[in-house]
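J.: Right, I'll just put the structure down here and ask away after.
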There are 6 protein chains.
Amino acid sequence: MRPNKLREMWKADQAVVNGWLAIPSAFSAETMAHQGWDSLTIDLQHGLIDYQAMVGMLQAISTTETVPVVRVPWLEPGILMKTLDAGAYGVICPMVNTREDAQKLVAWTHYAPQGTRSFGPVRALLYGGADYPQHANETIVAFAMIETAQALDNLDAILSVEGLDAIYIGPSDLSLALGCRPTFDDVEPKVAQAIDHILERATAHGVAAGIHNGSAPHALQRVDKGFRFVTVGSDARLMAAGSQQVLAAMRSR
Amino acid sequence: MRPNKLREMWKADQAVVNGWLAIPSAFSAETMAHQGWDSLTIDLQHGLIDYQAMVGMLQAISTTETVPVVRVPWLEPGILMKTLDAGAYGVICPMVNTREDAQKLVAWTHYAPQGTRSFGPVRALLYGGADYPQHANETIVAFAMIETAQALDNLDAILSVEGLDAIYIGPSDLSLALGCRPTFDDVEPKVAQAIDHILERATAHGVAAGIHNGSAPHALQRVDKGFRFVTVGSDARLMAAGSQQVLAAMRSR
Amino acid sequence: MRPNKLREMWKADQAVVNGWLAIPSAFSAETMAHQGWDSLTIDLQHGLIDYQAMVGMLQAISTTETVPVVRVPWLEPGILMKTLDAGAYGVICPMVNTREDAQKLVAWTHYAPQGTRSFGPVRALLYGGADYPQHANETIVAFAMIETAQALDNLDAILSVEGLDAIYIGPSDLSLALGCRPTFDDVEPKVAQAIDHILERATAHGVAAGIHNGSAPHALQRVDKGFRFVTVGSDARLMAAGSQQVLAAMRSR
Amino acid sequence: MRPNKLREMWKADQAVVNGWLAIPSAFSAETMAHQGWDSLTIDLQHGLIDYQAMVGMLQAISTTETVPVVRVPWLEPGILMKTLDAGAYGVICPMVNTREDAQKLVAWTHYAPQGTRSFGPVRALLYGGADYPQHANETIVAFAMIETAQALDNLDAILSVEGLDAIYIGPSDLSLALGCRPTFDDVEPKVAQAIDHILERATAHGVAAGIHNGSAPHALQRVDKGFRFVTVGSDARLMAAGSQQVLAAMRSR
Amino acid sequence: MRPNKLREMWKADQAVVNGWLAIPSAFSAETMAHQGWDSLTIDLQHGLIDYQAMVGMLQAISTTETVPVVRVPWLEPGILMKTLDAGAYGVICPMVNTREDAQKLVAWTHYAPQGTRSFGPVRALLYGGADYPQHANETIVAFAMIETAQALDNLDAILSVEGLDAIYIGPSDLSLALGCRPTFDDVEPKVAQAIDHILERATAHGVAAGIHNGSAPHALQRVDKGFRFVTVGSDARLMAAGSQQVLAAMRSR
Amino acid sequence: MRPNKLREMWKADQAVVNGWLAIPSAFSAETMAHQGWDSLTIDLQHGLIDYQAMVGMLQAISTTETVPVVRVPWLEPGILMKTLDAGAYGVICPMVNTREDAQKLVAWTHYAPQGTRSFGPVRALLYGGADYPQHANETIVAFAMIETAQALDNLDAILSVEGLDAIYIGPSDLSLALGCRPTFDDVEPKVAQAIDHILERATAHGVAAGIHNGSAPHALQRVDKGFRFVTVGSDARLMAAGSQQVLAAMRSR
């Protein structure tokens, strides 16, 4: 089975630089994949993307060595399994708030005996190889998003779930949940403290920690702190930011 | 943030005339939007439409002042939140049968502290404006569908849920639920009585009441009774009815 | 091979009542096909439809007995042949202005020895049957649109082209070409005269004449005059007209 | 209402030969439908297909007498009802593990009073006929998949649910659940025994039993044992197998 | 009819800042349109976009005041007219090399008596308004691309064609045609000279001149020289460039 | 630039085994690409495929080492250039009947000074590499289809066009053109003779010869004769043939 570069980089104690995709287009995905991101996450939650568009984007990413990751809309078995069958090598699941949530996430993303994932890796066989069924459980990475007060309360119970390999922090939702203004980078102190705490506990449990960032400098700071999967920018944001620069230059006179 | 004409009309005690979309096409949606409907509802439940087609239809409606509303397939957080992130200004949710259902609907459609909606209004920012996060909670309208015997039993418990602004009646499902023939307008007496009751209780609770109609005369009668959101016709039905008229005329000889 | 109802009706001296499709949706096409139109024309010229959407619409129409017709964007061999391979039983070609144009139309829509249509009726075999190659030439109908002053000048030269079975009049373009206001029904006298002339010459040449109409009464008058293929209304127009009626009723107070 | 050939064949004690669709294309579905399969199942669970592609495929199948069946991704009311509204005459539901699961499946696929299916058979009316609402409950077939150890434990409780007409076995998932290697045909003895047991109990309860097969000989053996719905092959597998044969021949030298 | 901001800006002697779209997605088009470009050009020639995707992009752009322009793949009447019927307010046509080419371009983009554009502005009526037919000829802008040695030879013959309002220079193709390396900004002297010559002749004929640029500084220089329509950047290029900046920052250590 | 395996195999005097794609689906294309075909041809002429579907299929093929080839609908510059910009490494052009046709084909598929291909290899840069512009002319392969009596008459004139690297024979069209029954393999003697003649002349001119076949044995015979590009089977045909085998087996009792 094709190895998962995420796990390889983590073994080498390297931080994965992840790009983000919100545009439902295989061509923009392919363009992004050719820029050299370690991984790209197709966002089915807040991106303008559904399953069928995602398949084309996974194919586009598969023309390169970039690792295809998908954020699903919700902790729901149908879409989690469809996403894996389509060849995602990582899934990010929002709103994992309890130990039971984390157990479901592990169960739905692993074949028996570790879990209850249904068998039918139709495209995953093409992408991963004929021995995908034998190795999928220890190759695929499932990220539980820690982004609510409830999840903070249950943090160790979640992190100690057998088979949970990684967590992911959405600073905006975490801010909202803690009564703060939603943002990626310059979070309020209460949120910054919570982020540090999550990172510390994840590291203690041997669980890789990832986080969403708004800019490279912040992402680098977080890598320094110990994050091993940092998202910076998205297709739509980069395009908009680039446009703003051009238009500002053109209208500077 | 762009104001929601639904709320503005309700403040002025006006009834919203809503059109219905079952055809998965941005062009038919745009054609409908240019006819002057106050709002248009994209039906993800019984229409032939899924999320990706809906996005194109929302864009098409956004070329006009018509308010974009979406009926989701079911009370499920994933699709409710995706729909709002895509820029819907109203959502209609089927089968809200208990107080707990109504609480979930409010929670999933409002940001903290009123609810638990996840943050990421990617297209909603384009449609609503940069201050969408600050005003979404009091701008968006969530309709709970009252259409089962169980919902009738729990009517006051549902209507008194904090943050529930509107309800919507599907006369066909309500008829079925009460053991009657499914229809929109000429409902059986038991159903007519239930509709009046729902309207009376909604009004008492200060909740706007909406209803599906088969024809303009019935819709007008219901407006007179106090309904403030009346659906008449759908893209597919209007097209079929128009065809029947033409074909009848052509074959009259 | 599945017979072509157009030819059968013409043999019985009946006028075909044709509906028009401008919305790129297989579901609206299927809805229209179930209303009982004799044929439906997918408009690739002025409709919002291209080839791939057309294929889905042809499939949708194929669930009924309605004859699938396609208007191509232009007299161009690529799209004419693709349309036929996809299973159209009639093609309407705009702007056939000269005898040479008409000869090209016949050549590109017929297999050798009558023409030069390339062989590969991939979906046409499914729709028409395994013996499609043997009978396509005498089953399919190609309509040449007569809609310019140049075409009027070359009328007999066009109509006498061997293998040209039908012509179609676009009153709007014909009006424009004659310096008049574009409309379907209440054309200016100069245009009305031209239409009568075209019909008279087509009939003399044994060529079936078709025409676009805005309403059933005008279509019936034209059937009485001798037209054998009359289009009335379109999906988008019927939907818009129905909406206008509903909205007028709702706002009458 | 158009009768369901599945029920007609079962009444005549015939086994339905079912094909499988994993490719999201209306044209491949139409090609398959023209081969003469009794039914075709569009796989929304492990196939690369979502709802919108499914609609086009249902339309394509509707050009023939082949019965359209859909496997939904999960036991979830939204997609079950959307699938039926789109005109599926059979639904296969994965992972029905308890009596309560089976009751939900029956409820969500039947109108009141037998169930709680919401009313709005928008395309089903076109495919089934205007009297669809009156006859859908006794025409549509819902298959519960029996594929886990838990389902085996609850077998009689599941099979005795009023209104459950059919079950379907996925040998791969059943194998995994029993600690065996996932495969379709040459299952391990423990799995073979479980399959026989399920068939025996289903037959005792008057419930039709279906099963997934990898090849015609195994399917025939299972028909001999009493299965009344046998799947053999899929669009993608047949295409791949045919390619392998051609390439082997071409490279034999 | 909705006025064309291009013409209004030219009357005010202002230069239009035009963005470029190569990604076939209505969402990326809508994102770009919200950045404030004066116009956006959907590139059907070298972009990964065809007609159907273009329609969705035109709708997306129509949610803003940005002017929708389309570059067609070739000087071909079918696509030119389809593009205008879909609501483009400008068309850029490649490879206009002779006076006859320019005359065709004008003819195919104008209604009689100025041209031979076929009548059927189905979506253009929605975007432009009900009086579109009366004003389209003097509102729409058709750009002839001057990018070959042959076009340079015929420059005055092209520029003097009645009804030709604008020309557009593709520096890459022009470079290739003159035996130079294809680039946008730092063109070789022979190309720079040709560009100056084209601009000078266009200005002399009262024809607005546009040009493709790789960066804002070059675009500003060209505005200073007299260009009145300057393209800077494209959706895909801006996204790729932004990615490169992020990745460079992340890997700087 | 990524080398073209077609040219590499021809240099090694090997015959390319080409598969054929008529289904407009990136997933079926990806499935085919993983079977090991040397190249796959996306058929825009007789397949049910247009440009936008083609792009997804090219991406899918690009996940493997299989060479992507496209047959365009007609000798038309717009689609030829769009196809190359999208990353096709070979194009097959129907109906090249004269020396002038062949010259156009060469011109439209080569950059200056060899031709007049417009510059903008947007996706080709991703697939081929950053140096695509420097090497495209000698890497891409353009096939001229020889399939009419006129082409036979002009054979040497066509084959001697500078820059024409390959020809392709469609036995069905050639049969029709010579007054014979259209078929792939068991062609009538007159056609067989013509095929041999074309092969002989192509070889004499140093032009690679390709041909469409219905089965592996015929393809092997043609390889033995000297053909260097042989198509066997297509996605849809293999799927249909496999279905027929299964159904025959199932109904053998």
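The numbers here are math on the coordinates, done by the rules we state, and not lab data. In this text the structure is predicted, and so the values were computed from the model without any measurement. In this analysis, Cβ positions are derived from the backbone assuming ideal geometry, glycine residues included, and neighbour counts consider all displayed protein chains.
J.: Based on other C-beta atoms within 10 Å, arrange F:F184, E:F229 from fewest to most.
T.: Lowest count first: F:F184, E:F229.
J.: Using only the Cα atoms of chain D, build the gyration tensor, take square roots of its eigenvalues as a ≥ b ≥ c, and label the shape rounded, prolate or oblate: rounded if a/c is under 1.5, else prolate if a/b is larger than b/c, else oblate.
T.: In terms of gyration-tensor shape, oblate.
J.: With runs of 4+ DSSP H residues as the only contributors, calculate the mean residue ellipticity of the protein assembly as shown at 222 nm using -39,500 (n - 2.57) per run, divided by the residue total and rounded to the nearest 500.
T.: -13500 deg cm²/dmol
J.: Taking a cut-off of 16 Å between Cα atoms, list the aspartates and glutamates near B:K11, but don't count ones fewer than 8 places away on the same chain.
T.: Answer for B:K11, where 16 Å is the Cα cut-off: B:D38, B:E138, B:D165, listed by chain and number.
J.: For the rotation taking F to B, I'd like to know which residue in chain F has the C-beta closest to the axis, plus that distance in Å.
T.: Taking the axis that maps F onto B, the answer comes out as F:Q52, 7.
J.: Another one. In percent, how large is the relative contact order of chain B, given Cα pairs closer than 8 Å and 6 or more residues apart?
T.: After rounding, I find 18 percent.
J.: May I pose another question? Taking neighbour Cβ counts within 10 Å as the exposure measure, how do C:V69, D:V16 sort from fewest upward?
T.: D:V16, C:V69
J.: Next up: Sort the protein assembly as shown into rounded, prolate or oblate with this rule: let a ≥ b ≥ c be the square roots of the eigenvalues of the Cα gyration tensor; rounded if a/c is under 1.5, and if a/c is not under 1.5, prolate when a/b is larger than b/c, oblate otherwise.
T.: Verdict is rounded for the protein assembly as shown.
J.: To continue, here is another question. Can you check what the net charge comes to around C:L178, using other residues whose Cβ is under 15 Å from the Cβ of C:L178 (Lys, Arg +1; Asp, Glu -1)?
T.: -4
J.: What shape does region F:19-65 have by the C-alpha gyration tensor, where a ≥ b ≥ c are the square roots of the eigenvalues, rounded means a/c under 1.5, and otherwise prolate means a/b greater than b/c and oblate the rest?
T.: It is prolate, given that a/c is not under 1.5 and a/b is the larger ratio.
J.: Between copies, how close do the C:Q244 label points come, placed 7 Å along Cα→Cβ, listed in nm from shortest?
T.: Those label-point separations list as 2.2, 4.5, 5.4, 5.4, 6.2 nm.
J.: Something else: Counting other C-beta atoms within 10 Å, which of B:L174, E:L126, D:L247 has the fewest, and how do the rest follow?
T.: Ranking B:L174, E:L126, D:L247 by Cβ neighbours within 10 Å, fewest first, gives D:L247, E:L126, B:L174.
J.: Multiply the residue separation of A:Q150 and A:S215 by 0.36 nm, subtract the distance between their alpha-carbon atoms, and state the gained length in nm to one decimal.
T.: That pair, A:Q150 and A:S215, stretches by 20.6 nm at full extension.
J.: Return the loop-located trypsin sites (Lys or Arg not before Pro) in region D:1-33 (DSSP other than H, G, I, E, B) with at most 12 other Cβ atoms within 10 Å of their own Cβ; answer none if there are none.
T.: When the trypsin sites (Lys or Arg not before Pro) of region D:1-33 are filtered for loop state and at most 12 Cβ neighbours within 10 Å, nothing remains.
J.: Same structure again: Can you list, shortest first and in nm, the gaps between the label point of E:E138 and those of its counterparts in the other copies, using a point 7 Å from Cα in the C-beta direction?
T.: Output for E:E138: 5.0, 5.7, 5.7, 7.2, 7.8 nm, nearest copy listed first.
J.: If you don't mind, another one. If you line up the Cα atoms of region B:35-119 on their principal axes, what length do they span on each, largest first, in Å?
T.: 38, 26, 23
J.: For region B:142-253, what is the convex hull (Cα atoms) projected area averaged across all directions, in square nanometres?
T.: For region B:142-253, averaging the hull's shadow over all directions gives 8.0 nm².
J.: Can you give me the distance in nm between label points at B:R251 and E:D186, each placed 7 Å from the Cα along the Cα-to-Cβ direction?
T.: Using points 7 Å along Cα→Cβ, the separation is 7.3 nm.
J.: With r as the distance between the Cβ atoms of E:S160 and F:H197 and R0 = 45 Å, compute the FRET efficiency 1/(1 + (r/R0)^6) and round to 0.05.
T.: So, using R0 = 45 Å, E works out to roughly 0.30.
J.: Report the local net charge at B:Y89: Lys and Arg +1, Asp and Glu -1, summed over other residues whose C-beta lies under 10 Å from its C-beta.
T.: Computed value for this residue: +3.
J.: Which distances in nm, rounded to one decimal and ordered from shortest, link the label point of B:G206 to the equivalent label points in the other identical copies, with labels set 7 Å from Cα toward Cβ?
T.: Shortest to longest, the spacings are 5.7, 5.7, 6.6, 8.2, 8.9 nm.
J.: What whole-number distance in Å separates the alpha-carbon centres of region D:131-173 and region B:1-40?
T.: Using only Cα atoms, the two centres lie 42 Å from each other.
J.: Return the lysines within reach of A:K5: Cα separation strictly under 23 angstrom, same-chain partners fewer than 8 residues apart disregarded; answer none if there are no such residues.
T.: A:K82, A:K225
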